[in-house]
Each structure stands twice: as structure tokens, then as C-alpha cells.
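First the structure, in the form of C-alpha cells, and then the observations on it.
The values are calculated or read from the model by the stated rules, or taken from the named source; none is laboratory data. Keep in mind the model is a prediction, meaning the values are calculated, not measured. Quick reminder, even Gly has a Cβ in these numbers, built from the backbone with ideal geometry, and neighbours come from all protein chains shown.
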Amino acid sequence: MQVKTITLMKVFFLFLFLTFTYASFGQIKIGGTVKQSDSSILSYVNVGIKLKSVGTVSNESGQFGVEIPKQFLKDTLTFSYVGFEELNVPIQSIVHSSIHVFVLKSKTTQLAEIVIKSKELKQRKIGTKSHNPFLWGTAQSKASNDIIEFAKFINIKNKVSRIQSVHIYLGGGVTIDSATFRINFYNVANGLPVDKIVDKNIIERMVIKKGWLTIDLTKEKIVLDQNFFVSFEFMPEQKFSKYGFSYGAQFGGNYVSRNSSLGNWEKGSGASLSAYVTLLQ
């Protein structure tokens, strides 16, 4: 019986600092800068065509560049960033009007407060807390300037839970010193991540080395009362010339990933990502 192993990260990072739009070789190249209403830049904004696996993410200067196949000319380019209203712009309008600046408006959301009853809370670790030394791999994004994101299902049995930290195992072949990534939390539908349920942009720059990588989230004061997916979204960087590291995994279960901003989530079986969440219940 052949067990399908988890295919993980191999991203060749290169940003296209484009300030122009043109079409050639069957591709429409769109680039510009993402800002908010006060003209300040927005870093790490997800940009792409929903569910089409065509996308990118803005860099630290708010700049982005994306190549779109001509068959998607009549589609819409979406800009998505937690805490801001989603911006949807027809691709034809961008091309014909030569739009280079894309402005997102902040949104006012009133999240329902989750109350933790005054009792002694117990620390729990939920997820895959082990790894098989012979089970690991790399994965590649759709484009060199796009994200790669892996999600782990966390079953808290719909109990009120205070998130303390998230953990992921990094395998061998580490070739970089550090990496930037975003931690996301999604609700669940049909076994896949759907909408973000934590209204925070949790972006961390972390030292990368083999072993368990732990991200402390106590300062974020995240409280959830429903089962969720936690994801590790790694950002592209110009200096990366080959994959920087690999993920560990364990036999059994499922794994969920996507290799494009706003793209389709894909689910595989036979292996599970070595990742877990530490929380209080």
C-alpha cells in the first residue's frame, strides 16, 4: 500500500516590483501599490483571483506584481486584508485605466465577546504533536512571488478556548536564517478552511532552524469557541533563491494547503502536518 506523503514547501521567492500593466506572451501583468485611506502603505495584502490559483502578496513597501493568463481578462482582481473591506476591481478596468494605486478602506466590525467562566483552566495541546523522521517534503507556490499556506484542523469540541501558542515542526535542509509568515484562523466547512475568524494580522519574523518552531500568541488574547483551522502562511522574499526549509509530518490523517493567495484549498490524505496548538480550556 502506497501512502501519500505530505508535500510541503519549496518556494523560489522573487518580487516583481511593477509599476505598470501590460499584456504579452499570453499573460496580463498587473502591478502597483496597495494603500489605505490615509495613504499609508499596506504590507502583505493578499492579491489574486478567487479560487483560480492566480495571485500574489504585497511586499513590505505595499508593492505587488502578478501575471494573469489572458483567459481571465474578464475576471476580478481581489485585494484581501484582515481589518479592511475587501476590494474587488475588474481586471479589464485595471488594464484600460492603467490603475497603479489600490486603496483599501478599514472596516468597523463588532465581534461577539466570548466569556470565559471563572474557573481553573487546564492547558491542552491539540493537533499532531509528533513527526516521522522519514516523512517530510517540500512544496512550490504557483508563482515565485506568491504565498504558500498550510492549515491544520484543531478540534476543540466547540469549547471556549484561550489560544496560547502555535507550533510547527521544520525538517532538514534549512538554507535560510529567518522567514516571515502570517498566522491565520479559519472557520470550517466541508473539511476545509473558509473565512478568517480572528480579526488580527499576526505577522512574525522568525529564526528558522530544524525542530519545533513555537509562536507565542498570548499577547493576542485570542479566545475561540468553535473548531477551527490554524494556518501558517509563508511570505515570498526576493533574497530566497531556493526552498528554505521543509515541514515534518506524521503518517495518517489529512493535510490541507494552498499555493496561491485566495486560491483553492487542496486536501490530501495519508499524512498530517506536524503542527499543534497550545490552549487553555
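Scanning the range 147-162 for residues that are in a loop (DSSP other than H, G, I, E, B) and under 18 Å from Ile202 (Cα atoms) turns up just one, Ile147. Considering only residues of the range 182-197 that are part of a loop (DSSP other than H, G, I, E, B) and free of Cβ contacts under 8 Å to residues at least 60 places away in the same chain, which is nearest to Ile148 (Cα to Cα)? Here the residue is Ile197.
Selection of the range 101-122 for residues being at pLDDT 95 or above and surrounded by 14 or more Cβ atoms within 10 Å (Cβ to Cβ) yields Phe102, Val103, Leu104. Checking the stated criteria, Arg205 turns out not to satisfy the condition of being crowded, with 20+ Cβ neighbours inside 10 Å, touching a Ser or Thr at 6+ places or on another chain (Cβ under 9 Å), on the phi < 0 side of the Ramachandran plot and not assigned by TED's automatic domain parsing to the domain that holds Val47.
A single member of Ile156, Ile168, Ile148 is over 15 Å from the mean Cα position of the chain (by Cα), in the same structural domain as Ala249 (by TED's automatic domain parsing) and aliphatic (A, V, I, L, M), and it is Ile156. Any residue at all in the range 214-228 that's under 30 Å from Leu77 (Cα atoms), touching a residue at least 12 places away in the same chain (Cβ under 8 Å) and in the same structural domain as Val160 (by TED's automatic domain parsing)? Yes; the residues of the range 214-228 include at least one that is under 30 Å from Leu77 (Cα atoms), touching a residue at least 12 places away in the same chain (Cβ under 8 Å) and in the same structural domain as Val160 (by TED's automatic domain parsing).
Does Glu85 meet the test of being free of Cβ contacts under 8 Å to residues at least 60 places away in the same chain and of a type outside the set (A, V, I, L, M, F, W, C)? For Glu85, the condition - free of Cβ contacts under 8 Å to residues at least 60 places away in the same chain and of a type outside the set (A, V, I, L, M, F, W, C) - is met. Going through (1) assigned to a strand (DSSP E or B); (2) surrounded by 18 or more Cβ atoms within 10 Å (Cβ to Cβ) one by one, Ser165 falls short only on (2).
Note on the range 143-162: among residues that are surrounded by fewer than 16 Cβ atoms within 10 Å (Cβ to Cβ) and on the phi < 0 side of the Ramachandran plot, the one that is modelled with the highest pLDDT is Asn155. Being surrounded by 13 or more Cβ atoms within 10 Å (Cβ to Cβ) and farther than 29 Å from Asp177 by Cα holds for only one residue in Gln250, Gln226, and it is Gln226.
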